[in-house]
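**Q** Got a structure for you, written out below as structure tokens; questions coming shortly.
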Amino acid sequence: MKVKTYLAPTLAEALAEVKQDLGREAVILQTRRLRQGGFLGLMATEVVEVTAAIDTNAVHSPKAAKPPEAKPKAVESDDAKILALHLELASMRKTLESVLEKKAAAPEPTTFSQASEKKKSALMEWARVNDIDPVAADALFYGLPNTNFLSSEMLQSKLRERLIEHFQDVGGIKIRPASCKVVALIGPTGVGKTTTVAKLAANFALREKFSVALITADTYRIAAVEQLKTYADLISIPIDVVYTPQELRAALYRHQDKQLVLIDTAGRSPSNQPQLAELEALMAVDDNIEKHLVLSATTKFTECLDAVQRFQSSKPQKYLFTKIDEACNLGTVFNLMFHAPKTLSYITTGQNVPDDIEPADPNRLTTLMLRGRT
């Protein structure tokens, strides 16, 4: 095999030299562009280098000995164009590979859409950590401005506005002059009703100087009666123990001169229908009794929602949440205010009497939720 290299100003001229020297049977092995002459790369001229080869055995064969037929100029021109196209594609491929290598080595920038997805993921993660129900979370995030152009601080500010809106329905015990306000705490067992009654009594009697009386219908637990009697003695307020609706009616009549009468009821299992019927009969004594459904912030939302539905027969007007200090988050409170809204009256944050109870405040609740843990 005979291999030769040709240099010419243009590809067409180089190909012409190859065909003239080696004939039409020559095979093009390589083509490339070079710069020649000049000084330190300046004033250099560009040339085309073509490497071609011919099989010497084929040249001496009878067929090869036959003089080559002249190829039409149009065909030669087409060959040159095709070869030039191949050269151009090879150059483009080399440039593309170089760009891809550099891109792979460089860190990929975060696009606006990617930033949006990250912030969206952060919101959903916050909802998950706070045990926010998916339906409530969708409603909470719906319509938020395009997060592509919001900083984390601005996004938190917008979220805070939304949370405050959901906690707007708050209101504690309001006592009107020259009237007797009757408030009953009802709810499941173990949520802290008796301690909460004592906190309310101490605050209204000792701090706000109202005349207060206590009534307990929690006769299922002797310890509860004794506990409330001890609190009543310390606060210096009267206390009555009642077993029936008739006894409750009589006790309310005796204390009609008081500004506030607080009723502690026995804890009822939401699944015990007879006990719920007893509570309903007790609360039916006076339609003016303001009933606060006491729930624990540590209880799962689904269990709280079930309790709300089962205690609905007693017609509670407000929620009172206990054990805020023990809860990992306020997801249960938010979910319940979304799915079964009522006025939120008080929250308790510990066992100390008369401390560790405060009126529900939208800003305070929102701060606790954004903090993630209470």
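**Q** Could you tell me the relative contact order of segment 188-345? Use alpha-carbon pairs under 8 Å, at least six residues apart, and round to a whole percent.
**A** Values: 224 pairs, mean separation 36.6, N = 158.
Across segment 188-345, relative contact order equals 23 percent.
**Q** Another question about this same structure. Alpha carbon centre of segment 244-259 versus segment 298-374: separation in Å?
**A** Measuring centre to centre over Cα atoms gives 29 Å.
**Q** Taking the Cβ of ALA52 as the centre, find all other residues whose Cβ is under 12 Å away and add up their charges (Lys, Arg: +1; Asp, Glu: -1). Intermediate results must be reported in sequence, preceding the final value.
**A** On the way: positive: LYS2, LYS4, LYS19, ARG24; negative: GLU17, ASP21, GLU25, GLU49, ASP55.
Taking every Cβ under 12 Å from that of ALA52, the sum is -1.
**Q** What is the Cα coordinate range of segment 261-374 on the first, second and third principal axes, sorted by size from largest, in whole angstrom?
**A** 42, 30, 21 Å, listed from the longest principal axis down.
**Q** Let me spell out the model: positive unit charges on the Cβ of Lys and Arg, negative unit charges on the Cβ of Asp and Glu, origin at the Cα centre of segment 318-374. What dipole size does that give, in debye rounded to 20?
**A** On the way: 6 positive and 6 negative charges, 53 e Å.
Value, rounded to 20: 260 debye.
**Q** A further question on this structure: Using a 1.4 angstrom probe and counting only protein chains, how large is the accessible area of GLU303 in Å², to 10?
**A** 100 Å²
**Q** If the limit is 18 Å between Cα atoms, which of LYS174/LYS199; LYS181/LYS209; LYS193/LYS258; LYS291/LYS315; LYS181/LYS258; LYS209/LYS291 go over it? Working shown, then result.
**A** Working: LYS174/LYS199 16 Å; LYS181/LYS209 15 Å; LYS193/LYS258 21 Å; LYS291/LYS315 7 Å; LYS181/LYS258 8 Å; LYS209/LYS291 23 Å.
From LYS174/LYS199; LYS181/LYS209; LYS193/LYS258; LYS291/LYS315; LYS181/LYS258; LYS209/LYS291, over 18 Å: LYS193/LYS258; LYS209/LYS291.
**Q** Here's a follow-up. In square angstrom, what is the accessible area per residue of segment 127-278 with a 1.4 angstrom probe? Walk me through the intermediate numbers first.
**A** Working: 7590 Å² over 152 residues.
Roughly 50 Å² per residue, with all protein chains present.
**Q** Also, I was wondering about something else. Once both labels are modelled 7 Å past Cα along the beta-carbon direction, what's the GLN20-ASP287 spacing in nm?
**A** Between GLN20 and ASP287, the label points sit 11.9 nm apart.
**Q** Would you mind getting the Kirkwood hydrodynamic radius of segment 265-314 from its Cα pairs, rounded to one decimal in Å?
**A** Values: mean 1/r = 0.0862 Å⁻¹.
Hydrodynamic radius (Kirkwood, Cα pairs) of segment 265-314 is 11.6 Å.
**Q** Which order do SER314, SER121 take when ranked by solvent-accessible area (1.4 Å probe, heavy atoms of all protein chains), largest first?
**A** Working: SER314 5, SER121 70 Å².
Per-residue accessible area, sorted high to low, gives SER121, SER314.
**Q** Per residue and in Å³, how big is the convex hull formed by the alpha-carbon atoms of segment 121-244? Numbers along the way, then the final one.
**A** Numbers: hull volume 23.0 nm³, N = 124.
Value for segment 121-244: 186 Å³ per residue.
**Q** What number comes out for the charge environment of ASP355, summing +1 per Lys or Arg and -1 per Asp or Glu over other residues with Cβ under 11 Å away? Numbers along the way, then the final one.
**A** On the way: positive: LYS199, ARG207; negative: ASP356, GLU358.
Local charge sum for ASP355: 0.
**Q** Residue farthest toward the positive end of the dipole of segment 155-279, with Cβ of Lys/Arg at +1 and Asp/Glu at -1: which of LEU252, VAL197, LEU276?
**A** It is VAL197.
**Q** Would you please give the FRET efficiency between ARG32 and ASP55, computed as 1/(1 + (r/R0)^6) with r the Cβ-Cβ distance and R0 = 25 Å, to the nearest 0.05?
**A** Numbers: r = 23 Å, r/R0 = 0.93.
Calculated value: 0.60.
**Q** Residues with beta-carbon under 10 Å from that of VAL197, excluding VAL197: net charge, scoring Lys, Arg +1 and Asp, Glu -1?
**A** On the way: positive: LYS193, LYS199; negative: ASP218, ASP264.
Residues close to VAL197 contribute a combined charge of 0.
The values are calculated or read from the model by the stated rules, or taken from the named source; none is laboratory data. For clarity, every value in this text was computed on a predicted model and none was experimentally measured. Here the Cβ is made from the backbone with ideal geometry for all residues, glycine too, and neighbour counts use every protein chain on show. These accessible areas exclude ligands, DNA and RNA; they are computed on the full protein's heavy atoms, side chains included. Shrake-Rupley method; radii C 1.70, N 1.55, O 1.52, S 1.80 Å.
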